[in-house]
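Participant: The structure that follows is given in the form of structure tokens.
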Amino acid sequence: MGQKVNPVGYRTGVMCDWKSRWFASKKEFPSLLVEDQKIRNFIKTKYRFAGIPKVEVERTRDEVKVVLYTARPGIVIGRKGQEIERLQDELQQLTGRRINIKIEEISRPEIEAQLVAEDIAEQLSKRSSFRRTMKRALENTMENGAKGIKIQLAGRLGGAEMARREKQIAGSIPLSTLRAKIDYGFTEAKTAQGHIGVQVWINQGMYFEDEESGHGADAQEGQAPKKPKRTYKR
């Protein structure tokens with residue numbers, strides 16, 4: 001089962017928070033959902049090289065709060081904050097609402113699955129050997145403190161006539177263990193022979209061990225006295 005379900009969606013609402021946090025009536029819900037996607041697509045397209053694995057959206061009656069997680073905050077902020085002001089104006093024109101942008105720096109981009117996937121895709125687009133690229137990404141992630149990583153490529157690998165899948169795993173990836181902090185990333189590499197799908201799973205440890213986590217529930221878990229390990233039956 002674990003191989004078919006997006007690990008982030010599988011844990012959302014149980015171990016981790018939603019990426020969009022707002023409430024709307026049935027009538028408004030579809031338009032606000034599309035608006036969230038427009039904001040994310042606009043930011044990802046504009047700052048392709050800023051290393052943005054995720055964008056969180058919070059809505060109140062008066063404004064939309066956009067939280068940008070980035071490995072290179074300098075690119076997004078710009079000199080004297082000019083770039084972030086320009087982005088704020090562009091998003092306000094796009095949505096017609098008041099936008100409040102917050103920047104969060106990612107301290108260890110090497111263990112962010114989306115960033116690893118995008119880096120692999122970039123190397124494949126430059127005609128790099130897919131096996132060497134996978135091996136290098138595996139070693140780099142494990143050296144930076146990840147508990148495990150799985151990389152899967154699908155498409156016309158190495159310019160082959162027939163599409164196939166290649167997979168490499170290092171460490172442990174317990175996909176069905178809800179307490180395991182599994183990060184997932186997907187992107188497509190555009191090559192001359194066609195698109196190659198890049199999927200990355202990274203085990204960042206257990207949720208209750210991560211005391212530095214930004215979410216309230218996770219922080220409370222980290223501070224709480226240790227209890228006997230519970231077994232989760234599926």
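Participant: Given the criterion surrounded by 14 or more Cβ atoms within 10 Å (Cβ to Cβ), farther than 19 Å from F49 by Cα and not assigned by TED's automatic domain parsing to the domain that holds T45, identify the matching residue among L124, L153.
Facilitator: Result of the check over L124, L153: L153.
Participant: If Q114 passes every condition in (1) under 28 Å from I43 (Cβ atoms); (2) without any contact (Cβ under 8 Å) to a residue 40 or more places away in the chain; (3) part of a helix (DSSP H, G or I) but one, which one does it miss?
Facilitator: Here Q114 meets the rest and fails (2).
Participant: Filter the stretch 25-80 for residues that are among the hydroxyl-bearing types (S, T, Y) and over 19 Å from I111 (Cα atoms) and give the result.
Facilitator: S25, S31, T45, Y47, T60
Participant: Ok, one more. Filter the stretch 156-173 down to the residues that are within 13 Å of Q204 (Cβ to Cβ) and more than 18 Å from the chain's Cα centre (by Cα), then identify the one that is surrounded by the most Cβ atoms within 10 Å (Cβ to Cβ). Step through it out loud before you land on a result.
Facilitator: The first filter runs over the stretch 156-173 and keeps only residues within 13 Å of Q204 (Cβ to Cβ), leaving 171-173.
Now drop any that are not more than 18 Å from the chain's Cα centre (by Cα), which leaves 171-172.
Details: G171: 14, S172: 12.
Among them, the one singled out is G171.
Participant: Filter the stretch 94-111 down to the residues that are assigned to a strand (DSSP E or B) and of a type in the set (A, V, I, L, M, F, W, C), then identify the one that is nearest to the chain's Cα centre (by Cα).
Facilitator: Here the answer is I103.
Participant: Any idea which of Q88, Q3 is within 30 Å of M134 (Cβ to Cβ), among the polar types (S, T, N, Q), more than 15 Å from the chain's Cα centre (by Cα) and modelled with pLDDT under 95?
Facilitator: On the way: Q88 fails: within 30 Å of M134 (Cβ to Cβ).
Result: Q3 is the single residue among Q88, Q3 that is within 30 Å of M134 (Cβ to Cβ), among the polar types (S, T, N, Q), more than 15 Å from the chain's Cα centre (by Cα) and modelled with pLDDT under 95.
Participant: Before we move on, is E188 touching a His at 6+ places or on another chain (Cβ under 9 Å), of a type in the set (D, E) and either in a helix (DSSP H, G or I) or surrounded by fewer than 21 Cβ atoms within 10 Å (Cβ to Cβ) (or both)?
Facilitator: It is true that E188 is touching a His at 6+ places or on another chain (Cβ under 9 Å), of a type in the set (D, E) and either in a helix (DSSP H, G or I) or surrounded by fewer than 21 Cβ atoms within 10 Å (Cβ to Cβ) (or both).
The values are calculated or read from the model by the stated rules, or taken from the named source; none is laboratory data. Values in this document were obtained by computation on a predicted structure and should not be read as measured data. Cβ atoms come from the backbone with ideal geometry, glycine included; neighbour counts cover every protein chain shown.
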